[in-house]
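Asks: First the structure, then my questions, so here it is.
The values are calculated or read from the model by the stated rules, or taken from the named source; none is laboratory data. Since the model is a prediction, treat every value here as computed from it, not as a measurement. Cβ sites come from the backbone with ideal geometry, for glycine too, and all protein chains shown count toward neighbours.
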Amino acid sequence: MTTPTSPVFDELALVERARAGSSEAFASLIRQYEGKIFRLAMNITQNREDAEDVLQETFLSAYEHLDRFRGDSKFYTWIVRIGVNEALMKLRKRKQDKSVSLDQEIDTGEETMVREIAAWGENPEERYSREELGGILDKVVQSLPPSFRTVFVLRDIEELSTEETAEALNLSVPAVKSRLLRARLQLREKLTRFFKLKGDDTFAYL
Amino acid sequence: MLTCKQFIEELTDYLDESLSGESRAAIEKHISQCPNCWVVADTTRKTIRIYKGMEPYPIPQDLHDRLLAALERKKAAMRQTS
Ligand SMILES: [Zn+2]
């Protein structure tokens with residue numbers, strides 16, 4: 001039984017009302033997802049101005065094409081896909097003259113090498129304040145090559161499935177898995193500096 | 001017994017819990033005997049957990065206001081063309 005205070009966010013009903021012309025309903029959808037779309041845009045474009053444009057273009061495009069939302073996926077998955085496309089277009093535009101390819105599979109075999117082995121405590125992030133931790137996590141994720149970063153952001157931050165990520169990025173499922181593995185290993189390696197137990201030495205293997 | 005390299009190749013599916021029971025058992029056997037791979041599995045799992053736990057910051061009010069204003073303009077434009 002649902003009560004008016006039910007925490008379940010009935011987004012299908014909201015989408016229906018927005019489609020019928022309710023500004024209030026679409027504003028609720030914006031409030032629900034703008035933070036996530038903006039974070040996604042920042043993570044992919046790494047540029048504040050671009051991310052602000054992406055945020056706006058994503059919701060305007062979603063509003064315009066609301067009738068294309070079928071309701072067979074979650075509204076969030078649908079709007080994330082619009083956001084990813086907007087963000088990738090911005091990124092490509094920025095990188096045009098820098099010969100950075102998003103589509104090319106970079107396989108030097110190096111990325112799955114593990115160099116730093118040091119144990120972390122149970123909750124190693126508790127050593128840092130929320131702001132410090134946010135700064136560390138952002139900096140580290142931004143050091144990834146764009147093709148790994150985008151996959152990691154969608155799979156592990158925005159929590160899309162492997163299939164949804166593949167679809168949003170126009171990649172095969174094995175390509176998503178391989179980039180995700182390398183992204184996770186690189187992040188793990190870079191974070192070890194911040195999270196390892198004091199006095200635990202790092203050494204290389206593999 | 002799985003090699004360390006084979007373990008690394010399976011790590012993502014292991015952490016996402018999408019391995020068959022048999023492959024899963026092979027991984028668990030490997031990490032119970034190989035301290036280095038145990039550390040890699042544990043710290044990679046924590047990496048994912050820590051990123052998942054990050055709540056997005058609320059977006060600045062003026063950005064939110066500009067978004068709503070742009071939406072109003074869009075609506076007006078859509079009314080005119082329909
Ligand atoms: Zn091993």
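Asks: What is the one condition in (1) facing chain A (nearest Cβ under 9 Å); (2) loosely packed, with under 12 Cβ neighbours inside 10 Å; (3) at pLDDT 95 or above that residue B:32 does not satisfy?
Replies: It is condition (1) that residue B:32 fails.
Asks: Follow-up question, since we're still on this one. Which one is farthest from residue A:117 (Cα to Cα), of the residues in segment B:35-48 that are crowded, with 19+ Cβ neighbours inside 10 Å and facing another protein chain (nearest Cβ under 8 Å)?
Replies: B:48
Asks: For segment B:18-29, what are the residues that are away from the ligand (no atom under 16 Å from the Cβ) and exposed (fewer than 12 other Cβ atoms within 10 Å of the Cβ)?
Replies: Once the filter is applied, which keeps residues that are away from the ligand (no atom under 16 Å from the Cβ) and exposed (fewer than 12 other Cβ atoms within 10 Å of the Cβ), segment B:18-29 yields B:20, B:21, B:22.
Asks: Among B:15, B:11, which is within 30 Å of residue A:121 (Cβ to Cβ), within 16 Å of the ligand (Cβ to nearest atom) and at the interface with another protein chain (Cβ under 7 Å from one of its Cβ atoms)?
Replies: Selected residue: B:11, the only one of B:15, B:11 that is within 30 Å of residue A:121 (Cβ to Cβ), within 16 Å of the ligand (Cβ to nearest atom) and at the interface with another protein chain (Cβ under 7 Å from one of its Cβ atoms).
Asks: Further, regarding this structure: Exactly one of these conditions fails for residue B:76: (1) within 16 Å of the ligand (Cβ to nearest atom); (2) farther than 26 Å from residue A:175 by Cα. Give me its number.
Replies: Of (1) within 16 Å of the ligand (Cβ to nearest atom); (2) farther than 26 Å from residue A:175 by Cα, only one is false for residue B:76: (1).
Asks: Of everything in segment A:116-145, what is buried (at least 18 other Cβ atoms within 10 Å of the Cβ) and more than 10 Å from chain B (Cβ to nearest Cβ)? Give them in sequence order.
Replies: Listed by number, the list holds a single entry, A:144.
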